[in-house]
Every structure is written in C-alpha cells, then in structure tokens.
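Reading through the structure tokens given below for one structure.
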Amino acid sequence: MKKLKFNDIFYIFIICSVLGWVIEGIWTLVKKGVLINHSALVIGPFNLIYGVSAVLLSLVLCDAKNKPAWQIFLISLVSCTVVEYFMSVFTEMYLGFKTWDYSKKFLNINGRVSLMYSLFWGILGLLWVKYFYPFIMKIIRKIEAQTGYILIGIIIIFLLIDTIITFSAIERAKLCDKGLPPQNNYEKFLDKHFNSSYLRNMFNNNWLN
C-alpha cells in the first residue's frame, strides 16, 4: 500500500461508512427480519465506525499486505476492537446514550465490545487488505480525477450540517417525549422528520437510556 493522502483517507472514510451501513442493514434484515437504519447521522447512510475502522486499518496495515494472514487478522481484531470501544465511550459522553449495547453477548466488555464482533473485525480486516482496499482505491482514483477537491468540500459541508441536525433532533425528541411543544418552525421540522420513532430505529432503542 502506498502512503495515503488526505483525499484517500477522506474517501475511504465516506465509502466505508456507507458500506458499513449496508452491511449492518443486511445483517439485521437476515437476523431479525426487520430493516434498521444503522446510520450515526439522521440524514444519509453513514455508519461511522466502519469508516473510522477502515481508515485505521489502511494506516495500520499499510505495510502488512504480504504478512501472514493470521498476523493481519490479529492486528485488525485488536485495533478495530479498541476503536469500537472508544467510539462507544465517545458517543455516550457526547450524545448521552449508548448507540449499541453488547451486554447480552458472550465475552463482552462493558457492553461496548464483544468476542463475536471482534472476530468479525479480524475477518473484515483480512478481507480489506487482500481484496477491498485495492478495489476501493481504484474507485477513489477515478473520483479524484473527475472532481478534485470540489466533491470533498461539498461532502464536508453536508456532514457538518447533518451532525448539527442530528444533535438537534436528539435534544428535541427528548423534549417532545416530555410533552413540550415545538417553539419554532425548525423544531416542527424535527418533530415531523426526525422524531422519537425515527431515532429509535437508528439507535436500537438505546438513545433514551
């Protein structure tokens, strides 16, 4: 793997956040028979832990392509498990709730990580290095050749707006559940489009804990 530029890191983050959303959606559909929006933001399909983990794997494993599979597996397992744990801590600190809870899973740590998902990260990291990374980098090169920095700027602005709306929606939904009416058109907009029901589907009913 070549040394990554900012463009590479950004696009890896975005593409894999979307792919993570797809993977989680298929997983819960097969497992539970229901469609769940596993995005971390209220607009768009962005499962950010996959984006962060993909960037981490790309940086940590940049020289690991030719290493034995078991080493790649272990590095992926450990590094992504650490990321998952601290992202859980981060979201709980800043959002006020756990966005996932593995407390009922076998060999979990504080409900934030579990053995099953750590093994999943190890397998995903191995597949990432051997197959996905080269394919995604080809896509990124084509995007860069046609858009340069313009698309990156547009996406960054969109994500900033999306983040602000997400935090606003969480706070407004909590007030709405307490029976407090909207005070302005923006809060009416949030009540209509990103209400308690919408958030419960996103955050697996954990957001009120």
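Miscellaneous remarks
- With respect to the conditions (1) within 23 Å of Pro45 (Cα to Cα); (2) assigned to a helix (DSSP H, G or I); (3) in contact (Cβ under 8 Å) with a residue 24 or more places away in the chain; (4) of a type in the set (A, V, I, L, M, F, W, C), Val129 falls short on a single one, namely (1).
- Subset of the stretch 174-199 [modelled with pLDDT under 90, surrounded by 14 or more Cβ atoms within 10 Å (Cβ to Cβ) and touching a helix residue (DSSP H, G or I) at 6+ places or on another chain (Cβ under 6 Å)]: Ser196, Leu199
- Which numbered condition Trp121 fails, given (1) touching a residue at least 60 places away in the same chain (Cβ under 8 Å); (2) under 20 Å from the mean Cα position of the chain (by Cα); (3) more than 16 Å from Gly20 (Cα to Cα): (3)
- Filtered residues of the stretch 132-155 (kept if over 19 Å from Asn66 (Cα atoms) and touching a residue at least 60 places away in the same chain (Cβ under 8 Å)): Ile139, Ile140, Ile143, Glu144, Tyr149, Ile152, Ile155
- Here Leu159 fulfils each of the conditions (1) over 24 Å from Ile36 (Cα atoms); (2) modelled with pLDDT of 90 or more; (3) assigned to a helix (DSSP H, G or I) apart from (1).
- Residue count, the stretch 45-75 (criterion: of a type outside the set (A, V, I, L, M, F, W, C), modelled with pLDDT of 85 or more and farther than 19 Å from Trp100 by Cβ): 3
- Criterion applied to Met202, Met137 was being surrounded by 12 or more Cβ atoms within 10 Å (Cβ to Cβ), modelled with pLDDT under 90 and in contact with a His (Cβ under 8 Å, 6 or more places away or on another chain), and the one residue passing it is Met202.
- Matching option when the condition is surrounded by fewer than 17 Cβ atoms within 10 Å (Cβ to Cβ) and within 16 Å of Ser53 (Cα to Cα), among Val113, Val89, Val129: Val89
- Every residue from the stretch 112-134 that is small (Gly, Ala, Ser) and at pLDDT 90 or above: Ser114, Ser118, Gly122
The values are calculated or read from the model by the stated rules, or taken from the named source; none is laboratory data. Keep in mind that what you see is a predicted model, and the values were worked out from it rather than measured. Ideal geometry is used to build each Cβ from the backbone, glycine not excepted, and the neighbour counts take in all protein chains shown.
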